[in-house]
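Just below is one structure, and these are the notes that go with it.
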Amino acid sequence: MTSSIFRCAAALALAAALGACATTPALLAPPGRGSGDLGVVIERESGTLGVLDTSARQRLGSIEGLGDLSHASVVYGRDGATAYVFGRDGALTEVNLLTGRIEARVQQAGNSIGGAISTDGTLVAAQNYQPGGIKVFNARTLELLADIPAVVDGKPSRVVGLADIPRNRFIYSLFDAGQIWIADLNDPAHPVLTKFAGIGKQPYDALVTPDGRYYIAGLFGEDGLAKIDLWAAQPKVERILPGYGRGEQPLPVFKMPHLRGWAVAGRRAYLPAIGHHEVLVVDIDTWQEVGRIAVAGQPVFVMARPDGRQVWVNFAVPDYDTVQVIDTQTLTIVHSLKPGKAVLHMEFTPRGDAVWISSRDAGHISVIDTQSFETLAVLPAQSPSGIFFTSRAARTGF
């Protein structure tokens, strides 16, 4: 089992009494520390996690041996201290942030692009490109509990858009088959599948709205999106926002946005207009477009501050050194900043007092006050990409 640069376990006092740890790194999490103000940043080129303290605005150290993190994502157990890292190389790694140790690691596929954790925190599911399908594991031991191939008409499909939904179910899209499936894992030995066919061509990503009601899949092969109302007595697929999606765009698309980067604030959703220098504003009661906001470039992530008052936007090349802030009351740009070259991700602190921004080519993370827009800290990181705070543990679809 691979260990991090942290040398001691959480029971520091006991270890000291027994003389089990001759030297203790100064930044080791102290005994009894909570996990609510911690997080990680993906360091994609070195295959490491940087462990972050959001209250102290410090980097606590690194966890090594995570493999290929070029398209990695993280979900958290309900304790907020256990992180599950899904690597592009198909590995699933369980990490304890308080001890800085890898607790378990399995090579579960050849190519994986993310995962989810069940409502009760007992199951972890990985979505796979190769060989396709999803695999479901015991969250404590990473024992394989269910292997659900995504095969339609004898052909395997890559899986995208995996998300948790209530009652230990997972919902996901089949890129090659053009379907959405729901897997009920209340009995992991006997998964129950509900399948929705004919949703559109090549769903490339998806999200669950913060209230857990709607699952929305973007379509790479045509315009529009597919939506399922999960609260309906008999859920069905509806098409919304014709003209939005990969489809036939008049401008080149330099980077496909992630739908998980949609902002939902109040009764409106804010989403990147693919191939355009605009953010679309959508009424989520009717799912009709109600406005557009001109921005600096092609938006990638359009993310709401937790209180919904602001939306922060980053961009594809050549504008990937820029971040802009939209006021959701006036629908205007109220601030622009350049935290560093190649901004890849943003993450708000739980109550939105600050946002942490990764700049891959600049090799650092910027911590920005969301009220004054002052830079509060700049922390070193090796080619940083995704930032994931432990507050995600309490959120559906994260």
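The values are calculated or read from the model by the stated rules, or taken from the named source; none is laboratory data. Just so we're clear, the structure is a prediction, and the values are computed from it rather than from any experiment. Every residue, glycine among them, receives a Cβ derived from its backbone with ideal geometry; neighbour counts consider all protein chains shown. Only protein heavy atoms, including side chains, enter the accessible area calculation; ligands, DNA and RNA are left aside. Shrake-Rupley method; radii C 1.70, N 1.55, O 1.52, S 1.80 Å.
Go through the range 199-214 residue by residue and tally those that are out of contact with any Ser or Thr (no Cβ under 7 Å at 6 or more places or on another chain), closer than 14 Å to VAL159 by Cβ and not in a loop (DSSP other than H, G, I, E, B).
Result for the range 199-214: 2.
Output the number of residues of the range 166-191 satisfying the condition of being open to solvent by less than 20 Å² (accessible area, probe 1.4 Å), in a loop (DSSP other than H, G, I, E, B) and more than 15 Å from ALA116 (Cα to Cα).
The qualifying residues number 1.
Considering (1) in contact (Cβ under 8 Å) with a residue 24 or more places away in the chain; (2) over 18 Å from GLU347 (Cβ atoms), say which one ASP89 fails and leave the rest.
Here ASP89 clears every test but (1).
Considering each residue of the range 349-376, count those that are open to solvent by 20 Å² or more (accessible area, probe 1.4 Å) and out of contact with any Leu (no Cβ under 8 Å at 6 or more places or on another chain), and give that number.
Of the residues in that region, 11 qualify.
How many residues does the range 380-398 contain that are open to solvent by 20 Å² or more (accessible area, probe 1.4 Å) and farther than 18 Å from VAL208 by Cβ?
Adding up the residues that qualify gives 3.
So, PHE388, is that one in contact with a Pro (Cβ under 9 Å, 6 or more places away or on another chain) and either without any contact (Cβ under 8 Å) to a residue 40 or more places away in the chain or farther than 19 Å from GLN298 by Cα (or both) or not? It would help to see each step written out before you state the result.
Working: in contact with a Pro (Cβ under 9 Å, 6 or more places away or on another chain): no; either without any contact (Cβ under 8 Å) to a residue 40 or more places away in the chain or farther than 19 Å from GLN298 by Cα (or both): yes.
Against the criterion (in contact with a Pro (Cβ under 9 Å, 6 or more places away or on another chain) and either without any contact (Cβ under 8 Å) to a residue 40 or more places away in the chain or farther than 19 Å from GLN298 by Cα (or both)), PHE388 does not qualify.
Out of the range 82-99, which residues are surrounded by fewer than 24 Cβ atoms within 10 Å (Cβ to Cβ), touching a strand residue (DSSP E or B) at 6+ places or on another chain (Cβ under 6 Å) and part of a loop (DSSP other than H, G, I, E, B)?
Across the range 82-99, the qualifying residue is only GLY90.
Would you confirm, using the coordinates I've provided, whether PRO339 is part of a loop (DSSP other than H, G, I, E, B) and touching a helix residue (DSSP H, G or I) at 6+ places or on another chain (Cβ under 9 Å)?
Against the criterion (part of a loop (DSSP other than H, G, I, E, B) and touching a helix residue (DSSP H, G or I) at 6+ places or on another chain (Cβ under 9 Å)), PRO339 does not qualify.
Looking at the range 217-232 only, could you name the residues that are in a loop (DSSP other than H, G, I, E, B) and modelled with pLDDT of 95 or more?
We begin by selecting, within the range 217-232, every residue in a loop (DSSP other than H, G, I, E, B); these are 220-224, 230-232.
Selection gives LEU230, TRP231, ALA232.
Provide a single number: the residues in the range 139-160 that are outside any loop (DSSP other than H, G, I, E, B) and of a type in the set (D, E, K, R).
Here is the first cut: in the range 139-160, the residues outside any loop (DSSP other than H, G, I, E, B) are 144-148, 151-152, 155-156, 159-160.
Going one step further and asking which of them are of a type in the set (D, E, K, R), we end up with 147, 155.
Residues flagged as outside any loop (DSSP other than H, G, I, E, B) and of a type in the set (D, E, K, R) within the range 139-160 amount to 2.
Consider ALA163 carefully, then state whether it is open to solvent by less than 10 Å² (accessible area, probe 1.4 Å) and either under 21 Å from GLN108 (Cα atoms) or assigned to a strand (DSSP E or B) (or both). Quick ask: steps written out before the conclusion?
Values: open to solvent by less than 10 Å² (accessible area, probe 1.4 Å): yes; either under 21 Å from GLN108 (Cα atoms) or assigned to a strand (DSSP E or B) (or both): yes.
Yes.
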